[in-house]
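Asker: One structure, as structure tokens, below. Some questions next.
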Amino acid sequence: MKIVKLVLKFIVIIIGVLLIFIAIILLVDKQNTNYLKIENNEFVNNKSYLITNVNIIPMNQDTILVNKMVYIKDRIIQNIADNIEINGAEIIDAQNKYLTPGLIDMHVHIWDRYELGLYLSNGITAVRNLWGMPMHLRLKEDINNEEIFSPMFFTTGPKLTGPEFIGDDNLQLLNPNEGKEKVISYKNRGYDFIKTYYGLTEDIFDAIAKQAKISDMDIIAHPSQKVPYSYHFNPQIKSIEHAEEIIQQPLNYKLDTLKLKEVINDFVKSKHNSFSPTLTVYNNIYQMLIDDNILASEQLQLMNPLIKKVDSKAQFERWYNTKLRDSSIVKAIKNQHDFHLKIVNKLNEAGVSIICGTDAGIGITIPGFSIHQELAFYKDSGLSNYEVLKTATVNASKTHSIMNKMGTIEVGKVANLILVDNNPLLDLSALQKPTIVFIKGRKLNRETLDDFEKQAKNRKNLIASAIRYLENLIIEK
Ligand SMILES: [Zn+2]
């Protein structure tokens, strides 16, 4: 008996030490991102700002308001006028500069806090995280309590999948009741949206959609191949993701213009859905195919180390080996990307709301920086610069009622703004490296934003990231 007791005691000690070890690793990782802490940057608190001589691109109409003043206080745009008399505000002379709403990336995957600085540095003041885990609930709390600088943060729960196991952490639902229960539980725990994913069958999907309506949670759908594509025009589904899913599902892997017309007609009839094309993540397959050294590129230093070690590498090898077997894949992927441009063009022409989403944070799609590539692809597809900018501002904010306090420059809106040197309606590249980013009325200058990038480079939080992923597997299963 004595020996059993001794062994048990030993096991308890081992587990205890392990838990302490894990807690320390997570704490250290959090401490290392203290540069994002708002209290460490006291100079930005309790401040009001008066931006003078600025050209405003308000995004609620296709126009530029020339030489205006904008007054920001208590996180909100308080006034916009030719002349504003106010005492005590910091004055920012923005002569010849342009003010636009902060950008919104509607499809990201966040793995650590360093990424929040990368989004801000690229002018992104709101993100929609589409692979929710417990870590994101903690993150959301810290962001909403205004402890750290971050884009405004919205997250789905874990990805809901059908009965078939497809690897990863996907949450297999075996029957409609399980779907219903998950929606209720995600709502209670504080996730913002429901993400539906591969393999959901019609009966389970129906149960999710029904409960989502009752629980007042919008659904974001990565299309399920077990239901017709048109099933996703359910009014509870507010956005449909990925241009390639249109080709893989209703178009049956063919670049079929006639069939595309039918899909677009269905979109137009539905009226409820926004569409997030995520062209960058697909095009990155092509980039991997034409650059054998892409994993060693400087940009990849900004990727989360766990993703880099596991996902970026696996994706690269998979496509590299495919290319060795059949070199025609390079041309095929490029052709499909070109067809994606056509899809975006046709949907936009038909009046469907295109919302900018990059799928940043996985593979080789870099957080923050990718949005400029995504916007450039929309431009390639034939949208005007104004239409392109809409996808990452007003179109995005209109998709969900909980996001509609942003996306335009109007009195009463949240002061999420970017100040840039040149007119983005003439050249979208003006949006890169903004001079100043306002996040909820707090000013971040270029120097601070550059430092956010520097801090995220070659970060060493592989184990902390792995622990957070494992926590997700244990808690969400
Ligand atoms: Zn994604």
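Asker: How do 127-138, 202-213, 66-77, 272-283 rank on mean C-beta neighbours within 10 Å, highest first?
Answerer: 272-283, 127-138, 202-213, 66-77
Asker: Quick check for the range 19-117: number of Lys pairs with alpha-carbon distance under 29 Å, counting only pairs 8 or more apart or on different chains?
Answerer: The result is 9.
Asker: Follow-up question, since we're still on this one. Just for the chain, what percent of DSSP beta bridges are antiparallel, to the closest 5?
Answerer: Of the beta bridges lying entirely in the chain, close to 45 percent run antiparallel.
Asker: What is the Cα centroid distance between the range 91-150 and the range 235-295, reported in whole angstrom?
Answerer: 25 Å
Asker: What net charge is computed for the residues neighbouring residue 338, neighbours being all others with C-beta under 12 Å from the C-beta of residue 338, Lys and Arg scored +1, Asp and Glu -1?
Answerer: +2
Asker: Show me the ranking of peptides 85-98, 306-319, 218-231 by mean Cβ neighbours inside 10 Å, starting with the highest.
Answerer: Highest-to-lowest ranking by the protection proxy: 218-231, 306-319, 85-98.
Asker: Bin width 10 Å, origin at 0, all Cα-Cα pairs of the range 368-419: what percent of pairs per bin?
Answerer: Each 10 Å bin holds this share of Cα pairs: 24, 47, 27, 2.
Asker: Of the heavy-atom accessible surface of the range 204-251 (probe 1.4 angstrom), what whole percent is carbon and sulfur?
Answerer: The nonpolar share, carbon plus sulfur, comes to 48 percent.
Asker: Could you compute the net charge surrounding residue 67? Neighbours are other residues with a C-beta less than 13 Å from the C-beta of residue 67; K and R count +1, D and E count -1.
Answerer: Every neighbour counted, the sum reads 0.
Asker: Here's a follow-up. Kindly give Rg over Rh for the range 221-308, based on alpha-carbon atoms, with the Kirkwood expression for the hydrodynamic radius.
Answerer: 1.09
Asker: Let's test this: bin the Cα-Cα distances of the chain at 20 Å from zero up to the farthest pair and state each bin's percent.
Answerer: Over the chain, the share of Cα pairs per 20 Å bin runs 23, 56, 19, 2, 0 percent.
Asker: Determine which residues of the range 278-316 fall in the zone a paramagnetic label at residue 331 would reach in this model, i.e. backbone nitrogen under 17 Å from the point 7 Å along Cα→Cβ.
Answerer: Only 286, 289-290 pass the distance filter.
Asker: For a protection proxy built on the mean count of beta-carbon atoms within 10 angstrom, sort 4-15, 408-419 highest first, please.
Answerer: So the peptides 4-15, 408-419, ranked by packing, come out 408-419, 4-15.
Asker: Once the cut-off is 15 Å, how many percent of the Cα-Cα pairs in the range 411-463 end up in the long-distance tail?
Answerer: 60 percent
Asker: Let me ask something else about it. Is there a quick way to get the dipole size of the range 367-477? I mean about its Cα centre, with the Cβ of Lys and Arg at +1 and of Asp and Glu at -1; what is the value in debye to the nearest 20?
Answerer: 420 debye
Asker: Still on this structure, I have one more. Given R₀ = 25 Å, what would the calculated FRET efficiency be for residue 31 paired with residue 301, taking r from the Cβ atoms and rounding to 0.05?
Answerer: With a Förster radius of 25 Å, E is 0.70.
Asker: Rounded to the nearest 500, what is the chain's calculated 222 nm mean residue ellipticity when only DSSP H runs of at least 4 contribute -39500 (n - 2.57) each, over all residues?
Answerer: Value at 222 nm, helices only, nearest 500: -12500 deg cm²/dmol.
The values are calculated or read from the model by the stated rules, or taken from the named source; none is laboratory data. Source: prediction; values computed, not measured. Positions of Cβ are generated from backbone atoms using ideal geometry, with glycine treated the same way; all protein chains shown enter the neighbour counts. Side chains are part of the model used for accessible areas, which takes the heavy atoms of the whole protein and leaves out ligands, DNA and RNA. Shrake-Rupley method; radii C 1.70, N 1.55, O 1.52, S 1.80 Å.
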